[in-house]
Amino acid sequence: MTTNDSAQTTPKAPAKDPWDLPDVSGLVVGVLGGTGPQGKGLAYRFARAGQKVILGSRAAERARAAADELGLGIEGADNAECARRSDVVIVAVPWDGHGATLEALREDLAGKLVIDCVNPLGFDKKGAYALKPEEGSAAEQAAALLPDSRVTAAFHHLSAVLLADPEVEEIDTDVMVLGESRADTDLVQALAARVPGMRGVFAGRLRNAHQVESLVANLISTNRRYKAHAGLRVTDV
């Protein structure tokens, strides 16, 4: 008797647990725009959680001064050196310099996992409002400018004030994580989870980044009204 191999079925592998995340404790985290409030705050939290962190700035002297101020073993370097020496690079530069900065660092960021947290916003007498880049979002602009990098988007909705406050033990918030590769978004979620109180939640592909970036304008309005540092929590996940 012969066996008909085509009639045999292969059991399906069990679905991967979405909270089964990789160990990222050994990754070096670089922060471009590390001398600004958001960049410094993120650098402080990750270094406090035990990550090796390098601050990047256009001027190496400014980066080193900011790193010395924060302590925790954080190093400072110019943006190019920061990009080259890091495994994961967070982009926290001002929106006005976003495109030019990334274009200049294309080769240095090749092969790197890039996390864009830039929010394209405008301000007028009515308050903050969202801008829509030609590419659709800051994250999509980053992906277009960095074809040899693995671009994700996360860390948009965090209060720089809370991040930098040493008296705040936990950052009570979820982080919306977007990207094209589950392996990459898992890494970003795992990195977010290194900070006590913080949780990374997958929120779709980069084409959905605009509304995540835009929501910061709403949070600014909320914070002004209630004199708060509001973040986000996603329910039922």
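The table below lists the values:
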read-out: Residue list for region 164-180, restricted to those being outside any strand (DSSP E or B) and crowded, with 21+ Cβ neighbours inside 10 Å; value: ILE171
read-out: Close pairs from region 184-210: first farther than 12 Å from VAL24 by Cα, partner of a type in the set (Asp, Glu) and open to solvent by less than 10 Å² (accessible area, probe 1.4 Å), Cβ under 6 Å, at least 6 apart; value: ARG199/ASP174; VAL201/ASP174
read-out: Single residue of GLY34, GLY56, GLY122 found to be of a type in the set (Gly, Ala, Ser), in a strand (DSSP E or B) and buried (at least 24 other Cβ atoms within 10 Å of the Cβ); value: GLY56
read-out: Scan of region 218-237 for residues that are touching a residue at least 12 places away in the same chain (Cβ under 8 Å), assigned to a helix (DSSP H, G or I) and open to solvent by 90 Å² or more (accessible area, probe 1.4 Å), ordered by number; value: ARG224
read-out: Test set (1) in contact with a strand residue (DSSP E or B) (Cβ under 6 Å, 6 or more places away or on another chain); (2) open to solvent by 20 Å² or more (accessible area, probe 1.4 Å); (3) assigned to a helix (DSSP H, G or I) - LEU215 fails condition number; value: (1)
read-out: Positions within region 60-80 being free of Cβ contacts under 8 Å to residues at least 24 places away in the same chain, open to solvent by 30 Å² or more (accessible area, probe 1.4 Å) and either over 23 Å from PRO166 (Cα atoms) or not in a helix (DSSP H, G or I) (or both), in sequence order; value: GLU61, GLU75, ASP78
read-out: Of residues in region 125-139 being part of a loop (DSSP other than H, G, I, E, B) and in contact with a strand residue (DSSP E or B) (Cβ under 9 Å, 6 or more places away or on another chain), the one most open to solvent (accessible area, probe 1.4 Å); value: LEU131
read-out: Lone qualifier among ALA183, ALA142, ALA190 - being open to solvent by 40 Å² or more (accessible area, probe 1.4 Å) and either assigned to a helix (DSSP H, G or I) or more than 29 Å from GLU69 (Cα to Cα) (or both); value: ALA183
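The values are calculated or read from the model by the stated rules, or taken from the named source; none is laboratory data. All values derive from a computational prediction rather than experimental measurement. So basically every Cβ, Gly included, is an ideal-geometry build from the backbone, and we count neighbours across all protein chains shown. Quick note on the areas: whole protein, heavy atoms, side chains included, nothing else; ligands and nucleic acids left out. Shrake-Rupley method; radii C 1.70, N 1.55, O 1.52, S 1.80 Å.
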